[in-house]
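Engineer: Please read through the structure below; I'll follow up with questions.
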Amino acid sequence: MVGVVVAWWERKPGKRAQWVLDPLVGVGPLRFGMCPDEVKAALGGVANSVSRVARSGSSWERYGDVGVTAIHGLGMLLVAVAIDAMSGPLVRFGDVELIARVPSEVRADIDALARQEGVGVRMNWSGDPEVAAWGLSMGATQAWELSAEGHVQRTDRVISEALLVAPRIGRGSIRD
């Protein structure tokens, strides 16, 4: 659907892309270390994006059509990917579905998988699980839905979203 804006409420769960997290390497078609043109190509040449550049030279680009934000560090190389809970791809790591779930259930699944793999889980600034060994930091956001009249409205629940990072975020090129 290149060039067509698709609102999250028009996406059915079965129509959302299914991605797999490859810890500290990438997620779905995206690989850490890609330049912005490579990211765009990997996302199918999406045209709908908004970007910002910081004084430090880092930048981010939000691809609204696919619910993904690409974060580029020094050298304009991909160092992190944020997955939107409502419109982003559904991301799986092992047997754990990470996106658009009840945060407490995701936390329990991550804790169990971390124990199984012998890695530590800590809480990030928002109180959600973070696993440095996997480059995974979870978050939660308000869930929205369409009312019976077709209006967008908040629900009384939150759902999970994720930030996936490269092994050396903030320390220059990851292709060293």
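Engineer: Would you check which residues across region 44-69 are within 13 Å of the chain's Cα centre (by Cα) and aliphatic (A, V, I, L, M) and list them?
Structural biologist: If the condition is that a residue be within 13 Å of the chain's Cα centre (by Cα) and aliphatic (A, V, I, L, M), then Val66, Val68 are the ones that fit.
Engineer: Out of all the residues in region 144-157, is one or more farther than 28 Å from Ser56 by Cβ, at pLDDT below 95, surrounded by fewer than 18 Cβ atoms within 10 Å (Cβ to Cβ) and of a type in the set (Ser, Thr, Tyr)?
Structural biologist: yes
Engineer: Inside region 51-64, can you point out the residues that are touching a Leu at 6+ places or on another chain (Cβ under 8 Å) and not polar (S, T, N, Q)?
Structural biologist: Result: Gly57, Tyr63.
Engineer: Let me ask something additional. Is it the case that Gly127 is out of contact with any strand residue (DSSP E or B) (no Cβ under 7 Å at 6 or more places or on another chain), surrounded by fewer than 19 Cβ atoms within 10 Å (Cβ to Cβ) and modelled with pLDDT under 95?
Structural biologist: yes
Rundown of residues vs (1) under 27 Å from Glu117 (Cα atoms); (2) without any contact (Cβ under 8 Å) to a residue 12 or more places away in the chain; (3) of a type in the set (Ser, Thr, Tyr), yes/no style:
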| position | (1), (2), (3) |
| --- | --- |
| Val50 | no, no, no |
| Ala54 | no, yes, no |
| Gly57 | no, no, no |
| Arg62 | no, no, no |
| Gly67 | no, no, no |
| Ile71 | no, no, no |
| Leu74 | no, no, no |
| Val91 | yes, no, no |
| Gly94 | yes, no, no |
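The values are calculated or read from the model by the stated rules, or taken from the named source; none is laboratory data. Nothing here was measured: the structure is a model prediction, and the numbers come from that model. So basically every Cβ, Gly included, is an ideal-geometry build from the backbone, and we count neighbours across all protein chains shown.
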